[in-house]
Structures are given as structure tokens and as C-alpha cells.
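Chemist: Please find one structure pasted underneath; my questions will follow.
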Amino acid sequence: MKAGSAPPCTPDVVGHLPRTCSVVLLLATAGACDSEPSVPPNYEPRVSSVEPRAPKSFAHTGSFDGPHQNQHNWVGMSLGEDEDGDGVRELVIARPIDKSTNTNITDAQGMVYVLRGGSLELHSTLPSDEPHTFGYGIAAMGDVDGDGTMDIAVGTPVHAEDMGREGWGTTYGYLSGSEGASWELRGNDEIDDFGHSLAFLGGEDNILVASASRFIGGYAVGINALTGEVLFKTASSVLDNDTLGERRGYHVVRLGDLTGDGLPDFLMTASGQDRKHPFFDYEGRIYIHDGSNGKLLGVVEGATSGDQLGTYATTIKDIDGDGRDELLIGSGYEGRTEHVSGVAYLLKTGPILDANPAVWTVDDPQLLIREHVGQKPVELMGFTVAQAPDMDADEVLDYAVGAPGCSTDQLKNAGCVHIYSGATGAELQVMMGDEEGYWLGEFLVTDLEAGRLYVGTKDWRKGMGRIDAYEARPTSEPSTTNAKR
Ligand SMILES: [Ca+2]
Ligand SMILES: [Ca+2]
Ligand SMILES: [Ca+2]
Ligand SMILES: [Ca+2]
């Protein structure tokens, strides 16, 4: 059993599926027409070395299942290096809590896996010094110490020894494979949950960003991944909601270079989380920071109380041609249509970056390019978002939006990943789980160079969890007739 591509014309997934069908068919037809061009008389064609472009769709190439049920699977996923030399980068994932080994959560053994890119066969594992919650945060860091092995940072936001005292949390740098951690950093106090989420930015200082996702007053630090030295800490400011249970730093996300200094920048999600209130009434926020020094660049807030904006967010490559990357923000718990039907927003970053740091509202007309609105209860549209390759061959990169709660009449919560055209917003493809309760689309990781998308679900089969791999492949053979004639 595996997650496959949904039949392109399957109805009832979401309201706008028929549009998908027409778009895909139109593109395929346009490609076929290239074989019969209208050629003017005396036309002397030249053989072009440029390969004709063809629209692509995602094909399933592999999957990886968790070994047991009732775990916390794949809370972190990160794109690694090509360790096995087949030209495809590997995927690094973590299984932070395995309740099958011991129902006492403090003894549950965490594990980090390196999976071969594309096939998702197991390549290696990283032994855990600190089992409980090991791998909640995870970041592949390239090879910062130059010893020829991929380096990995792992966050353990709650130690076994912290149980009953919340969690100080620790972030570890593994620079030499299985020989143990080269450095470790502990949180500042018993409620820091330090290491909950990690993002590697690189640069001369090998910057790794690690969050302390405190329920109130969360922050991030920049760490030299080679030495473990702390380089900066994000500051509180009047723009921060330090006194609210916003869970800032639940996700730390590496962005494109927004500031133009050559170093990637980062954001922290703060969608709101209060343990006393399962549906915490908070607009939700995204905090955007300069990757070189942690300085706050801007804040985007949900439009309405209770939106919990920012279940995930990232930047995607410039779509509207203004030279600035766009911001794609998911708000999976938003409910304008139905209960947690969700929405994903595509925003300009230029106005945010050109102003002094300010709090913007997500539906500000200066920012908003478009939105994708969930239609059914518990669809969770926008729970995850990610960059995608150029699927419709218009030379503008496209993007993916996860809706892990989406259902058909037959399959409740099968889960969907929607692929949208960056240029137009048209829906190009929907991948869908093929079982009830698959929850496809809880995590997304893109390998843009290789045209691959990795989709994780931790809830499949009562918490066994699964990763599915997809590759962008031409939907029709590109025609070379023109060049040969
Ligand atoms: Ca190394
Ligand atoms: Ca930058
Ligand atoms: Ca732009
Ligand atoms: Ca495109």
C-alpha cells in the first residue's frame, strides 16, 4: 500500500478539483501540438541545444514506514547530503519517541535515520545519547568540519531527567557520524524546550538556528555548528507577544536570502499553543529574522482571533517578478469556511523588508497575492507548505500545500498535497493518501535541484508513520520534431 497520485479527475476531494483536470489536459495538449508547427516557407530551422520543456507531475518513487505504532514519528525531517554517491541527496528524519519499547515515556528511545533519497531505503542510523524526545529538532548541516561525513544537529527539547520539571532541552552537534556528539548546548531554564526546532543556514560561521519553543516568550539562538559557540539570541521587542502562549519557535525555517547579504534568513512560527485550552484563541504570528545576527525583520499576524496563523511557513522563489522572494504561510486551523478547514496565503516580502520592523496583518492588500482556502471541516489546508519545482513548464517555480485532513466520500482524512502553479495559482496536481486516516501531508521537504518532494505523516496506522517520496517527471515526451526537420 502506498500513497499514489490521485486520479486527476477524482471529484469530491476539494471543491476546485475539476480545474486541475482542465489545466493538466490543456498543458499536455499544448506539448503535443509542438510536433506539428506551422513553418513558414524557406524556413531554415536550426538545431537547438536547448531541451524542449514539458510539464511535469509527481510520481511516487518510494516509502519508508515506522517500525511500531504509537510513536512520535518524523517530527523532524531535513534534506541531507548525497552520502551513498548516487547523485541524490539523502533524507534525514527522526523518531523522537518510541512508546513501543517502553510505555513509560521517559525511557522511550529516540532515533535518527538517514534514508536514501528517492528510494527511501535505510542508509544509516544515529545512535542516541539522550533518548527522550531525541530528534524533535533536526537539521542536516552539510560537512562543516570537512571530514567527509555529513554532520547533523539534533534537538532534545525535554530530557528524561527533566520529566516532571518541564524541559530545559539540549541541542547536539554530531560532526563525526556515530562517534557521539561533538558539542552540546543546554537550555537556560526548566521551561525552555531548547532544541525543539533547528535550521542550518551555513555561511562562514556555519550558523545553526535552534529554538527554545517556550509556551510564553519563545526565542532562537544562532550557534556556530562547528564549535557550538552561541553567536546571537533573538531579542524581545515591543513587537513580541512575550506574555501570550504563542509557542514562538515551534518551527524554525530556513528561508531564501531576504536581506541580500548572501546568507539565508529564517523565520519562527508562533501559531499559538496553550496547554489549558485545546483550541487556543490566538491570531497566530510569523517572526522573520536576519540569519546573520538574529535581528527581527518583520512580523505577520493572522487576520482574526483564533486563526492560529503559522502551522508552517516558508519563502518561495520570486513569483511576481519584483526580485523578492514570496512568503507562503499556512494556517491549517483557520476556520472561515468550516471548522479548521484551513487556508494558505501567498504574500509579497518586499513591503515587509522595506519597512521598519512592524506587525503586518496577513490579509493586508499590500502583501497578499492570493490564498488557497480549504472547503471542508478538518481539511487542515495549509498545515504544511513548501517550494516545488516548475511543474507546468512556465519558468516560474511552483509550490505545494499540504491538507492532511482532506477526505473523500470513501476515505476520511486520507490527506492531500496540492501542487499550485506559482504564476497563476491554478491547481496542477493533487497527491492523496490511499487509506482512511493516512493524513498525507503532515510534513513536506523539497529537494529542488533533484525535483523531489518528500511527504511525511506521523499519524498513519495509529502512529506508525510513513514517509513518501515523489519525483517530478515529464507528463509527455518532449517533441524534438522541430529541430530535426
Ligand atoms: Ca563532518
Ligand atoms: Ca540574509
Ligand atoms: Ca516577488
Ligand atoms: Ca511553474
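Nothing in this text is a laboratory measurement; each read-out follows from the coordinates by a stated rule. These figures come from a predicted structure and were not determined experimentally. In this analysis, Cβ positions are derived from the backbone assuming ideal geometry, glycine residues included, and neighbour counts consider all displayed protein chains.
Chemist: What residues qualify as long-range amide H neighbours of PHE443, i.e. H under 5 Å apart, gap of 5 or more or another chain, H built at 1.01 Å from N?
Modeler: Answer set, sorted by chain and number: GLY456.
Chemist: How far apart, in nm, are two points set 7 Å out from the Cα along the Cα-to-Cβ line at ASN293 and at ASP354?
Modeler: That separation, rounded to one decimal, is 2.3 nm.
Chemist: Taking 30 Å as R0, compute the FRET efficiency from the Cβ-Cβ separation of ILE216 and SER176 and round it to 0.05.
Modeler: 0.20
Chemist: How big is the gap, in Å, between the Cα center of the stretch 74-94 and the Cα center of the stretch 238-308?
Modeler: Each part's Cα centre sits 26 Å from the other's.
Chemist: Kindly provide the GluC sites (Glu not before Pro) of the stretch 193-275 that DSSP labels as loop, not H, G, I, E or B, and whose Cβ sees at most 14 other Cβ atoms within 10 Å.
Modeler: GLU204, GLU229
Chemist: With θ set to phi - 60°, apply the Karplus curve 6.51 cos²θ - 1.76 cosθ + 1.60 along the stretch 298-313 and write out the HN-Hα couplings as whole Hz, x wherever there is a Gly or Pro.
Modeler: Using θ = phi - 60°, the values come out as x, 10, 10, 10, x, 7, 9, 4, x, 5, 6, 3, x, 4, 7, 7 Hz.
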